[in-house]
Every structure is written in C-alpha cells, then in structure tokens.
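As structure tokens, the structure follows; a few thoughts come after it.
The values are calculated or read from the model by the stated rules, or taken from the named source; none is laboratory data. Source: prediction; values computed, not measured. Positions of Cβ are backbone-derived with ideal geometry, glycine not excepted, and every protein chain shown enters the neighbour counts.
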C-alpha cells in the first residue's frame, strides 16, 4: 500500500518573516542565505572531456531516457553532467552576492569574459544573454530587490567542441535562490494553472493562465518566470527574455544540428523545468530539449508531468537522498486516479486506500508529481563528507562531488572522487 507523504517548508519560513522589516536585517539575512561554499573553484579540476560523445550525443541527451546509462553511471554521461554542473556554478560565481554593493543582485561580469572570470576556461561556448528573474511580490525597493540576475544563455561556437559534441549546443543555466523575494516566492507552495502556448505562429506572447488543461505548477516558481517589472523598472519577464533569445539563436543557426540543454540547481532547477516546458510549446520547430537539474524541488502536478512527457522533453533529476529541498513542496501520491475496483483488489486495505485517495483529491492544489528520470545519490555514501547538515546536503558542490564519485547502486563511491570538496 502506498502512503501519503507530506512535507513542509517550516525550516526556512522563520528566516523570511524577518526579512521585510528593515533594510539592515534584509541585507544580513540575505548574506546568510547565499551560497558561500562556492567561492573556491572546482572548475579547474574538471574531469577530462570524452571524445566519444559525438556519435552517441542523443543518448546522453536522454533520447532513450538514459536507459542503461545510470546504474552503473556511464563515464561519458558523468563527464557531461559535471560539465553542465560547472555551467550552473558559473551562474552562481557571476552573481553579485554583496548586499552593500551598488551592483547587488546583478551579473558581475560582461558576457565575453564571464566564463574566464569564473575560472571556466576553454568551454567552446560564448555567453549571448544575461537573464533576470522578477518577483511578483511587490515590496518597496529599499526593502528587497525586485529583479535579479539569475543565469545566462550560451552557445557553443568552437568548431572542435561542436565536432566533439556532434552538434551545436545551446545552454541555459540558472543559479539557485539568493534574494529575499526569491525565498518568499519559494514559500508560495500552492499549485496554479499554467497555459499551453499556441505554436501556430512560432513564438506566443499569451500569458500563463487557467485554461482547463489541468497542468499546474508551483505559484512562486511561475511568478518568478512570468512576472515583469513595473513601468518604472522596465524589466521584462524571464519568460520573454528566454523566448526572444532562443528564437534569435534558432534563427541564426537554422539548418544546423542543434540541441538545447537547460540546467540549474535548487530554484534554478525549477526554472529550468518551466523554461523547457515553455520553449517546447512556444516554437513550431525546436531542437531536442533536455533538462539536467541538481537538487531541484517539485514543480508541478501529474498533468504537468504528462505534458512534459508528451512534448518529448527529456529531464534528468540528480537527487541527493539526504537533501530535504528535493522533498518539497506539497504531497506526492501516485494512486489518486485508481478506480474503486483497483482499490478493492487490495483486500482489507481498500477502506484505508479509499480514504487516502479521497483526502488527496481534496488537496489538488498541493498534490505534486515527480518528473523525469532520476539519478539518486546519497551524501552518506561519500567517505569524505563528515557531519553533513541541511545546507551541505543541498550545496551544489556536494552534488558535483557525489556525481563524480558515484559508480553504481552496488558500488556507490569511488576513492578518487575528492575534487569538488572544499578545503
């Protein structure tokens, strides 16, 4: 019998309730909630890139849902996951975390130097667009930052790298939660309807709204993806920025062999999922779309999951069993649609199951579903991690360390995997 799981966000709720009172507490708490563990670079210790990706690139992008590649973990796939993880790390490193800086919450580096400044050299990619996310929560500017740099778009422009990869790859990379309003948006755990854009004319500008399709996503994540700034701020929404930039790139390289890989950590993983869904439904012709997510929370309900699958989006979720963020928000209950006949087959347990199913149906606004294919790792498998806590288990460096060390479910860790640990 399956059980009904419920998780809450009470661990972080008290932190955010103090953020909206005065400027100094906001700045102090935002410093505490950032990701200082990422200051020492793991980028210089990247594993050697395989030259065998090109012929099998569609497999590594999930064409066959990574069947036979995850357990044991294929070495080429490991290198690709870590490579995209480094793109996410660059999104963190390029963010101005200092609340006292006049450039707080912006990108510290120009597009043409971002990778080099982050210690990520010889990628074969160029950054083409800085991306910003705007919160739909309206607070005075002296209390919280409304719109913040959240990631970037990059395109592979090196002939040798294109040859190695077997295609020209487009990357969209997102960092995780960093500002007060982003934390507040994370707490808006109720589900809200999301529309399926029309692809009749290519890009659509229609807003996400209730349209009866049943697909629902977390309210706060959708707000960060679709909200635009006020008339005074002139910030366009993250959705509009992504659509316009991806549309421009697809037109520029029309006719070439392309792929679109969207990657992110924590909140960035949720934004990556929404971005993939939006792009896949916004363009008449688009390349294969793959999501590589690290430590992502749940995003939507089962209708949303089905639509992701129907559009052909391939999503690989890297999950740490000890990371509480991957277990929120809401409920996960996969048997809601079972009929009474199905339930009755379980004998004496059918009364309990029927009661659970009825209760679950009453809370559809909190009923989530896991999406994509999962690569499950565990902090406790690493002999190098001691005294792990909530922050450590969720840290991006921990995820890169676990990916680097994982061998298989029967041989969970290899002795050479130290490169992503902080000293």
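Overview of values
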{"read-out": "Conditions (1) buried (at least 23 other Cβ atoms within 10 Å of the Cβ); (2) touching a residue at least 60 places away in the same chain (Cβ under 8 Å); (3) assigned to a helix (DSSP H, G or I); number of the one not met by residue 249", "value": "(1)"}
{"read-out": "Single match in 38, 11 (criterion: modelled with pLDDT under 50, farther than 28 Å from residue 309 by Cβ and crowded, with 17+ Cβ neighbours inside 10 Å)", "value": "38"}
{"read-out": "Whichever residue in segment 377-413 is in a helix (DSSP H, G or I) and more than 24 Å from residue 74 (Cβ to Cβ) and, among such residues, is nearest to the chain's Cα centre (by Cα)", "value": "394"}
{"read-out": "Helices (runs of 4 or more DSSP H) lying entirely in segment 278-365 (those with 2 or more residues that are surrounded by fewer than 20 Cβ atoms within 10 Å (Cβ to Cβ) and modelled with pLDDT under 90)", "value": "340-344, 350-361"}
{"read-out": "Flag if residue 140 is within 16 Å of residue 182 (Cα to Cα) and in contact (Cβ under 8 Å) with a residue 12 or more places away in the chain", "value": "no"}
{"read-out": "Among (1) modelled with pLDDT under 95; (2) within 28 Å of residue 319 (Cα to Cα); (3) buried (at least 17 other Cβ atoms within 10 Å of the Cβ), the one test that residue 214 misses", "value": "(3)"}
{"read-out": "Residues (assigned to a loop (DSSP other than H, G, I, E, B) and out of contact with any strand residue (DSSP E or B) (no Cβ under 6 Å at 6 or more places or on another chain)) located in segment 85-111", "value": "96, 97, 98, 99, 100, 101, 102, 103, 104, 108, 109, 110"}
{"read-out": "Members of segment 94-127 that are crowded, with 19+ Cβ neighbours inside 10 Å, over 24 Å from residue 222 (Cβ atoms) and in contact (Cβ under 8 Å) with a residue 60 or more places away in the chain", "value": "97, 99, 118, 120"}
{"read-out": "Residue check for residue 150: in contact (Cβ under 8 Å) with a residue 40 or more places away in the chain, under 14 Å from residue 180 (Cα atoms) and surrounded by fewer than 18 Cβ atoms within 10 Å (Cβ to Cβ)", "value": "no"}
{"read-out": "Unique match (being surrounded by fewer than 24 Cβ atoms within 10 Å (Cβ to Cβ), in a loop (DSSP other than H, G, I, E, B), modelled with pLDDT under 95 and in contact with a strand residue (DSSP E or B) (Cβ under 8 Å, 6 or more places away or on another chain)) among 189, 205, 200", "value": "189"}
{"read-out": "Selected residue (only one of 172, 155 is at pLDDT 95 or above, buried (at least 23 other Cβ atoms within 10 Å of the Cβ) and in contact with a helix residue (DSSP H, G or I) (Cβ under 8 Å, 6 or more places away or on another chain))", "value": "172"}
{"read-out": "Residue match in segment 76-84 (condition: modelled with pLDDT under 95 and either surrounded by fewer than 19 Cβ atoms within 10 Å (Cβ to Cβ) or part of a loop (DSSP other than H, G, I, E, B) (or both))", "value": "no"}
